[in-house]
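Quick notes on the structure that follows.
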2 protein chains.
Amino acid sequence: MYYEKCRLERFFINWYDVIRTMELSENELIRKLRRFGRKSGSIARGIGDDGAVVDLKQGQYVLVQDALVEHIHFEFAFTNPFNVGKKAVYVNVSDILSMGAEPLYFLVTLGVPERFSYRDVQTLYKGLDRASREFHTHLLGGDTVSTKGDFFIDVSMVGKVVAVKYFGRNKARQGELIGVTGYLGESAYGLHLLKNGSAARPANRYIRRYQSPRPPYDVWKELVKNGITDAMMDISDGLIIDLERMMTESKTGAHLFLDNIPIPPILKKQGLRTLALSGGEDYQLLFTFPRDKAAVIERIREKGFAISIIGEVVRQRGVRVFDGDREIKLKTKGYEHFGTTQ
Amino acid sequence: MYYEKCRLERFFINWYDVIRTMELSENELIRKLRRFGRKSGSIARGIGDDGAVVDLKQGQYVLVQDALVEHIHFEFAFTNPFNVGKKAVYVNVSDILSMGAEPLYFLVTLGVPERFSYRDVQTLYKGLDRASREFHTHLLGGDTVSTKGDFFIDVSMVGKVVAVKYFGRNKARQGELIGVTGYLGESAYGLHLLKNGSAARPANRYIRRYQSPRPPYDVWKELVKNGITDAMMDISDGLIIDLERMMTESKTGAHLFLDNIPIPPILKKQGLRTLALSGGEDYQLLFTFPRDKAAVIERIREKGFAISIIGEVVRQRGVRVFDGDREIKLKTKGYEHFGTTQ
């Protein structure tokens, strides 16, 4: 593997030339891409071998792997290779942080269709590189394969647990409060704008959030430093569906209070509140914490960090949302608008 | 992300139902698939969270990632989901072994097209499970995504270096001998048989080798135990092209002696010797070693292990093949027949 490889079977005569081109260009490519494999004292052997070798200290490590597939997770009409590269790193960093760990290393498999130029691939790597520098994580190698169909990128990442104990979805306890970072629905609203023809306009904060969902590292660090939580996950499919998953893993339920959910005013104004509850791709952090930590949360907020306390963990299974005293019935948790409130 | 997730954008109305089905079925699926995440003392948290958590001792670890893409690396006409699952583990184990490490953990991303049934996915997981048991490695999680196009499987794997020093392609030294395990060309001949209509026949050893290329772990262990080598790689694209890569990394060249290359008699008889030199997918181990280790190699062979000494490392760059005193001109290294000898 490791860029030089191209184990391609010769089933299809019409693929000969593509294969030939790929093989040659992959060898060229690896020379160019090696510069993205930045040096680090702990990396004994990086890009260019059957595998990478790293020196690890004793401890707990987190392993994650997450893919973005064209036409499923994104359209190139609404983003570009640079941002896809960044996002592939971000979504994995987001998973690493959610476990209470700091990212260290990653590998990447690219599935590259014929229509891709090597310049596209290089641009994508520049995005990977940019995001990896932001999070001090190192590219160690991976695999580049041609595909007959759509583009995909699959990143695996290793992180080291830095929280006192690793975080888990299964660690929420009845009576705890539920917190969330940042604003919800921004990314989904960005996609909404793009789909409604805003692609040509300069990217606003929502479109940028959709294309480049940088995980909220600084606020995460505050949460870790202050030992706020040990039940955390990132919101990727939408607040309700992801919270429900956390509650299921913890054998608990949740009550949410609509007024407390950080919904951007523009979404309320446009009747798109549902995007904040079930739009997905927020990559904000969802966590629970004991009530006696509420004062610490307040102090973190006073430093300027966006954290909202949106509900509480209860014994009864399921996630219920309240608008004042009135319960809102959610038609579905992730894919449809939620009934009466719009 | 971890099986439960399905960050699917809603671009395509006609995808709604597929997405709905996937989401539900992925939740079902994870319950069924969790049993494949076998317990181990070092796994603090396995399948079911944003990431897996493992306890690692201080030491050197190897990270690899390698994908199999339908229509590029294989056709379902010539194999089945069970074998594809096995092979995805094998090719990564092969890379881990090539670095002087034992496999420990792996994650897997599946790209699943609509036409796949959940039974197919389960069968594939059974293959993953079978292979992982053979090599005492543990599935920790990963990602399942739907694709509009072809099937793919991408495995990342972590191993621990057990050799005195990790192996590298860059460690061959001028004057050393070149060894290879097993027979070459078996897998390519198996594919040749399949392409020529033998799919219906019971699988012979060649077809089995193609569909299920188990890495030669026992002979690898002998090589490690006896400190034979520190320059190793697996043959995935073909002997010549892979050896050339190793020589390039080591800034050396190689002379190979055709008579010593382990070519199955049936390939010679059928004029298909080229499959042994450049057919690819052998997943045998290629390594170099100092001449004074030749006696140890002989003792390992006497135990019944298949190892051939096929050439020597020389100063002059490039790989040259000799048939007796006569040099054979290779038209290409990986994809075409080699000129005069057939």
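Listing for the model above:
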read-out: Any hit, the stretch A:156-164, residues being of a type in the set (Ser, Thr, Tyr), outside the structural domain of A:Asp282 (by TED's automatic domain parsing), in a loop (DSSP other than H, G, I, E, B) and touching a Phe, Trp or Tyr at 6+ places or on another chain (Cβ under 9 Å); value: no
read-out: Counted residues, the stretch A:263-273 - those being of a type outside the set (A, V, I, L, M, F, W, C) and crowded, with 19+ Cβ neighbours inside 10 Å; value: 2
read-out: Leading residue by the ranking (nearest to the other protein chains (Cβ to nearest Cβ)) among those in the stretch B:202-219 that are in contact with a Leu (Cβ under 8 Å, 6 or more places away or on another chain) and either farther than 21 Å from B:Arg301 by Cβ or surrounded by 24 or more Cβ atoms within 10 Å (Cβ to Cβ) (or both); value: B:Tyr210
read-out: Wholly within the stretch A:234-331, strands (runs of 3 or more DSSP E) carrying at least 1 residues that are touching a His at 6+ places or on another chain (Cβ under 7 Å), away from chain B (no Cβ under 14 Å) and at pLDDT 95 or above; value: A:307-314, A:318-323
read-out: Residue satisfying condition, being among the charged types (D, E, K, R) and outside the structural domain of A:Ala295 (by TED's automatic domain parsing), within set A:Asp230, A:Asp150, A:Asp234, A:Asp218; value: A:Asp150
read-out: Residue count, the stretch B:133-147 (criterion: within 11 Å of another protein chain (Cβ to nearest Cβ) and free of Cβ contacts under 8 Å to residues at least 60 places away in the same chain); value: 1
read-out: Any chance A:Asp154 is facing chain B (nearest Cβ under 7 Å), acidic (Asp, Glu) and closer than 15 Å to A:Asp66 by Cβ; value: yes
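The values are calculated or read from the model by the stated rules, or taken from the named source; none is laboratory data. Because the structure is a prediction, the values reported are computed rather than measured. Backbone-built Cβ (ideal geometry, glycine too); neighbour counts: all protein chains shown.
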